[in-house]
Amino acid sequence: MSTVEQQTISPPPAADEPVPQAAPQLWERAAELAGLRETVLAGPSARATEAQHAKGKLTARERIELLFDEGTFSEVEAFRRHRATGFGLEDKRPHTDGVVTGWGKVHGRTVFVYAHDFRIFGGALGEAHAQKIHKLMDLAEAAGAPIVGLCDGAGARIQEGVTALAGYGGIFQRNVRNSGVIPQISVILGPCAGGAAYSPALTDFVFMVRGTSQMFITGPDVVQAVTGEVITQDELGGADAHAALSGVSGFAYDDEESCLEDVRFLLSLLPQNNRELPPSQPTEDTPDRRTEALLDLVPADPNRSYDMRKVIEEVVDDGEFFEVHERWAANVVCALARLDGHVVGIVANQPASLAGVLDIHASEKAARFVQTCDAFNVPLVTLVDVPGFLPGVDQEHGGIIRHGAKLLYAYCNATVPRIQLIMRKAYGGAYIVMDSRSIGTDISLAWPSNEIAVMGAEGAANVIFRREIAAADDPDARRVQLVKEYKSELMHPYYAAERGLVDDVIDPAETRVRLIGALEMLREKSVQLPGRKHGNQPQ
């Protein structure tokens, strides 16, 4: 026997030694992985899933299937488990730790998602749970893609104490860091209470579902204990409360399916990040289509009401637009739409609600929308028919000056293409605030029915000619005469055009054509703002 052969032959094991077992084959490991993954995908138990469905709610994974294009979702950290001890946590360590995270495609474009799984710890946030969301938010930022939070959680995991609270802090910090960088959307599909509610408030858009989703800082029990007020969860923080009263939610739906379908539609209107333009798409609605219907839709009489939504529907591609905060501050309409296939943001006074005046809530709503459009390179079209700011003690003491200044600030700070169209009334400070030429709109157009003035003719005549009217033999007749003279001198449709404050007076039937032409001209607009850390906008 050679020396080499002697070195490679091992002696047989002794009788009391274990016989070495063969290492598992790779296919065995793969089968083990497949079984474990199947367990993770199934969730904690069939009973927990049934309980979720019994509440009228889908599971986290069912929601993700509705959000993404079929078969495109890639999960990260599916096998993550918490490492907390105490209060029995060490004996309950489910995979995912109550949140599903990953990315997929929506209309073919990458979108990131985290979805609370209420079946596990009630979706409550602990250290591992938070770290998964942190990682996902960092990935979305690095990839330059939108992030959607499907929120259905019971707040901080009490058993983990301050560690859970720190996890929320990390989420808030990333919400702010990514604000105006990537679109952030919160979809409330269950409870969202306490500190958890601040993350949705920091995002760009909030969706809610009636009957199953609630948001509040302190619940009904605490409210009753402190103030004595008796109120239900839905009345305090349900979808309708936040969509119509508080303005926290921009959208409210009857079911999760329609809610998530609209989330998909919103994503189709937004760019991936602040370095891109919104996606354009071909349309069969030709850019040279005339809008003859506007001649009948909008009364020439400035005191008659009409629905501004019908004007928008007539002008935009295929009559389709996506309104934000439809039920809150209804005296101003804010909507995303397309003109010749390109996305635009529309801000419009609504004569059908409070005659279209600007008040505190309308100013806040429009200012936020203008900021969002500007952040994500969405051109702005402003349709003006405004009699002024709403007068009243409540408005003044509520800070109409401060809140109105928010809208003024947002427009002045916006660098996207901006077009103003004055349809009828444009009075006083409200005219200036609604993206007038004097605050930087690129193109100002007007219909021949426009009235641009400090105030209405009747009010102006009463101020300017007060003594003359009082001294007249027939004050009423003299007032009518002076109002007519004031209108002919200062409020005729071409007064502003003669002074360069309106670029052109157009036939309403040419509205779509002229808006599309102006937007095409401005598509490559570039503005450099002064260097600064950040502005100090009104609060």
**Fill in**
Taking the stretch 62-79 and keeping residues in contact (Cβ under 8 Å) with a residue 24 or more places away in the chain and either surrounded by fewer than 18 Cβ atoms within 10 Å (Cβ to Cβ) or hydrophobic (A, V, I, L, M, F, W, C) (or both) leaves I64, L66, L67, F68, D69, T72, F73, S74, V76, A78, F79
**Message:** Out of the residues in the stretch 486-496 meeting the condition of being within 20 Å of A518 (Cβ to Cβ) and in contact (Cβ under 8 Å) with a residue 40 or more places away in the chain, tell me which one is surrounded by the most Cβ atoms within 10 Å (Cβ to Cβ).
**Reply:** A496
**Asked** Could you say whether any residue in the stretch 103-112 is at positive phi and open to solvent by less than 30 Å² (accessible area, probe 1.4 Å)?
**Response** no
**Message:** Let me spell it out: the conditions are (1) of a type outside the set (F, W, Y); (2) surrounded by 24 or more Cβ atoms within 10 Å (Cβ to Cβ); (3) within 22 Å of T39 (Cβ to Cβ), and R157 meets all of them except one. Which number is the exception?
**Reply:** (3)
**Message:** Residues that are more than 22 Å from R61 (Cα to Cα), free of Cβ contacts under 8 Å to residues at least 12 places away in the same chain and not in a strand (DSSP E or B): does the stretch 139-152 have at least one?
**Reply:** yes
**Message:** Need the failing condition index for E313 against (1) free of Cβ contacts under 8 Å to residues at least 40 places away in the same chain; (2) open to solvent by less than 80 Å² (accessible area, probe 1.4 Å); (3) in contact with a helix residue (DSSP H, G or I) (Cβ under 6 Å, 6 or more places away or on another chain), just the number.
**Reply:** (2)
**Fill in**
Within the stretch 23-60, of all residues that are polar (S, T, N, Q) and part of a helix (DSSP H, G or I), the one nearest to the chain's Cα centre (by Cα) is Q52
**Message:** Being among the hydrophobic types (A, V, I, L, M, F, W, C) and under 27 Å from F369 (Cβ atoms) is true for just one of A196, A142, A164. Which residue is that?
**Reply:** A196
**Asked** Looking at the stretch 113-128, is at least one residue within 20 Å of the chain's Cα centre (by Cα), within 24 Å of P279 (Cα to Cα) and in a loop (DSSP other than H, G, I, E, B)?
**Response** no
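Looking at the stretch 62-108 only, could you name the residues that are in a helix (DSSP H, G or I) and within 30 Å of F265 (Cβ to Cβ)?
Taking the stretch 62-108 as the starting set, the residues that turn out to be in a helix (DSSP H, G or I) are 62-67, 89-91, 95-98.
Scanning the stretch 62-108 gives E62, R63, I64, E65, L66, L67, T96, G98.
Within the stretch 175-203, take every residue that is over 16 Å from G155 (Cβ atoms) and aliphatic (A, V, I, L, M) and give me the one that is most open to solvent (accessible area, probe 1.4 Å).
Of all residues in the stretch 175-203, those over 16 Å from G155 (Cβ atoms) come to 175-185, 187, 202-203.
Keeping just the survivors that are aliphatic (A, V, I, L, M) gives 176, 181-182, 185, 187, 202.
On the way: V176: 91, V181: 40, I182: 1, I185: 3, V187: 0, L202: 65 Å².
Checked the stretch 175-203; the qualifying residue most open to solvent (accessible area, probe 1.4 Å) is V176.
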**Asked** If you take the residues in the stretch 156-188 that are of a type in the set (A, V, I, L, M, F, W, C) and in a helix (DSSP H, G or I), which one is farthest from A243 (Cα to Cα)?
**Response** V162
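Mind telling me which of the residues V357, V315 ends up being modelled with pLDDT of 95 or more and touching a Gly at 6+ places or on another chain (Cβ under 7 Å)?
Numbers: V315 fails: touching a Gly at 6+ places or on another chain (Cβ under 7 Å).
On inspection, the qualifying residue turns out to be V357.
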**Prompt:** Any idea how many residues of the stretch 478-505 are at pLDDT 80 or above and either in a helix (DSSP H, G or I) or more than 29 Å from M434 (Cα to Cα) (or both)?
**Reply:** 4
**Item:** Leading residue by the ranking (farthest from I452 (Cα to Cα)) among those in the stretch 371-381 that are open to solvent by 10 Å² or more (accessible area, probe 1.4 Å) and part of a loop (DSSP other than H, G, I, E, B)
**Value:** N377
**Prompt:** Does the stretch 121-143 hold any residues that are surrounded by fewer than 22 Cβ atoms within 10 Å (Cβ to Cβ) and touching a helix residue (DSSP H, G or I) at 6+ places or on another chain (Cβ under 6 Å), and which are they?
**Reply:** E127, H134
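Condition first: closer than 17 Å to P538 by Cα, among the aliphatic types (A, V, I, L, M) and in contact with a Leu (Cβ under 7 Å, 6 or more places away or on another chain). Can you find one or more residues in the stretch 391-412 that meet it? Reasoning before the result, please.
We begin by selecting, within the stretch 391-412, every residue closer than 17 Å to P538 by Cα; these are 395-412.
Now narrow it down to the ones that are among the aliphatic types (A, V, I, L, M): 400-401, 405, 407-408, 410.
From the residues that got through so far, the ones that are in contact with a Leu (Cβ under 7 Å, 6 or more places away or on another chain) too are none.
So far as the stretch 391-412 goes, no, none of its residues is closer than 17 Å to P538 by Cα, among the aliphatic types (A, V, I, L, M) and in contact with a Leu (Cβ under 7 Å, 6 or more places away or on another chain).
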**Asked** Taking into account only those residues within the stretch 382-397 that are touching an Asp or Glu at 6+ places or on another chain (Cβ under 9 Å) and not hydroxyl-bearing (S, T, Y), which is most open to solvent (accessible area, probe 1.4 Å)?
**Response** F389
**Item:** Count of residues meeting criterion [open to solvent by 60 Å² or more (accessible area, probe 1.4 Å) and either in a helix (DSSP H, G or I) or β-branched (V, I, T) (or both)] in the stretch 218-247
**Value:** 14
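Quick one: which helices (runs of 4 or more DSSP H) lie wholly within the stretch 397-476 and hold at least 1 residues that are touching a strand residue (DSSP E or B) at 6+ places or on another chain (Cβ under 8 Å)?
Details: elements: 400-413, 428-433, 457-464, 466-471.
Here the list reads 400-413, 428-433, 457-464.
Please verify whether the stretch 320-330 includes one or more residues that are part of a loop (DSSP other than H, G, I, E, B), of a type in the set (V, I, T) and open to solvent by less than 20 Å² (accessible area, probe 1.4 Å). Don't jump to the end; show me each part of the working.
Filtering the stretch 320-330 down to residues part of a loop (DSSP other than H, G, I, E, B) leaves 320, 325-330.
Subsequent filtering for residues that are of a type in the set (V, I, T) retains none.
Scanning the stretch 320-330 turns up no residue that is part of a loop (DSSP other than H, G, I, E, B), of a type in the set (V, I, T) and open to solvent by less than 20 Å² (accessible area, probe 1.4 Å).
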**Message:** Suppose we filter the stretch 497-539 for residues that are exposed (fewer than 13 other Cβ atoms within 10 Å of the Cβ) and touching an Asp or Glu at 6+ places or on another chain (Cβ under 6 Å); how many remain?
**Reply:** 0
**Asked** Within the bounds of the stretch 277-296, is there any residue that is open to solvent by 20 Å² or more (accessible area, probe 1.4 Å) and within 28 Å of E62 (Cβ to Cβ)?
**Response** yes
**Request:** Identify, by number, the condition in (1) of a type outside the set (G, A, S); (2) more than 21 Å from the chain's Cα centre (by Cα); (3) part of a loop (DSSP other than H, G, I, E, B); (4) over 30 Å from S246 (Cα atoms) that D296 doesn't meet.
**Result:** (3)
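The values are calculated or read from the model by the stated rules, or taken from the named source; none is laboratory data. Not measured: the values here are computed from a predicted model. Neighbour counts run over all protein chains shown; Cβ positions are idealised from the backbone, glycine included. Each accessible area value is taken on the protein alone, full model and side chains, heavy atoms only, with ligands, DNA and RNA left out. Shrake-Rupley method; radii C 1.70, N 1.55, O 1.52, S 1.80 Å.
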